Amino acid sequence: MRRTNTIFLTLILFSISTQSFAQKFRKKEVALISYKVSIDHDYYEKFTAFSSLFREPVKPELDRITSHLTVDIWYLIKQRLTEDVGMLLLPIDAYGKKFSYNEYGFPDVGINRALRKGNSKYYISIDVDISPEFAANYINKIIADSSQIVQLKENQLKPKVTIKMNIYNNRGVIPVKIAKGEALSKDIIDLDEKYFDGLVNSNFNTPHETLYKLVNEAINNLTISVYSR
């Protein structure tokens, strides 16, 4: 009985500790200093067959697919950091000419400059990567209870979304928290226009696997990571 009570007390203390750690970001002013979405070259080439589904960029010279995904994925991340973590995220242009910006209009400054020019409690940098599970077009697949090497077809992919976030406070250049969220497609995807449901239209709850669902899973794991020690 004593051992059971000890384990139970340990779990309670651990829960309190992680919750207390996450509370340090709640209702605190947070400024974005860097944000980038990277798409694997081969995947990008596959996506271009469906480029007409994506919005026209604000500037004609910008890449249509990357521009669309960069903006939409940011708003998905922002929503969860605001609602689940409780951060008070400033508008991306809050510091005006004090910060520099990338071609998609997002801040692109290092933490040193952010500390000199800004006055926020916390700063965050975020990198999103959309890439294959493996570098090669081969995967391990369980067939008849045995693992076999399978080569993907030209229109197939098995994507992984990785989101990394560094959180800095206003006192130093070393992150006070490095959070990470990953999501891997469960099945091999036969790429068609339905895979972009939820990002290029309002079909959020389609029964098939989509990039939208994969991104949301990665964001969910990212917010969980913020709460972990």
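The values are calculated or read from the model by the stated rules, or taken from the named source; none is laboratory data. Quick caveat, the model's predicted, so the values are computed rather than measured. Glycine gets a Cβ as well: all are built from the backbone with ideal geometry, and neighbour counts include every protein chain shown. All accessible areas refer to the heavy atoms of the entire protein, side chains included, with ligands and DNA or RNA removed. Shrake-Rupley method; radii C 1.70, N 1.55, O 1.52, S 1.80 Å.
With R₀ set to 30 Å, the beta-carbon distance separating D192 from Q151 gives a calculated FRET efficiency near 0.90. Applying both filters, DSSP loop and at most 13 other Cβ atoms within 10 Å, to the GluC sites (Glu not before Pro) of the range 17-86 gives E61.
The residues of the range 28-227 have, on average, 52 Å² of accessible surface per residue, using a 1.4 Å probe with all protein chains present.
Computed about the Cα centre, the dipole magnitude for the range 28-227 is approximately 1180 debye when only Lys and Arg (+1) and Asp and Glu (-1) carry charge, each at its Cβ. Pairs spanning more than 19 Å between alpha-carbon atoms, out of K59/K98; K78/K158; K28/K177; K46/K180: K59/K98; K78/K158; K46/K180. At a 1.4 Å probe radius, carbon and sulfur cover how many percent of the accessible area of the range 68-120? Ligands and nucleic acids excluded, carbon and sulfur reach 48 percent. A straight chain from F50 to Q79 at 0.36 nm per residue would run longer than the Cα-Cα distance by 7.8 nm. Seen from every direction in turn and averaged, the convex hull around the alpha carbons of the range 28-227 projects onto 12.7 nm². Taking 0.36 nm per residue of separation and subtracting the current Cα-Cα distance, fully stretching the chain between H41 and E103 would add 20.4 nm. Taking all Cα pairs closer than 8 Å and separated by 6 or more residues, the relative contact order of the range 28-227 comes to 23 percent.
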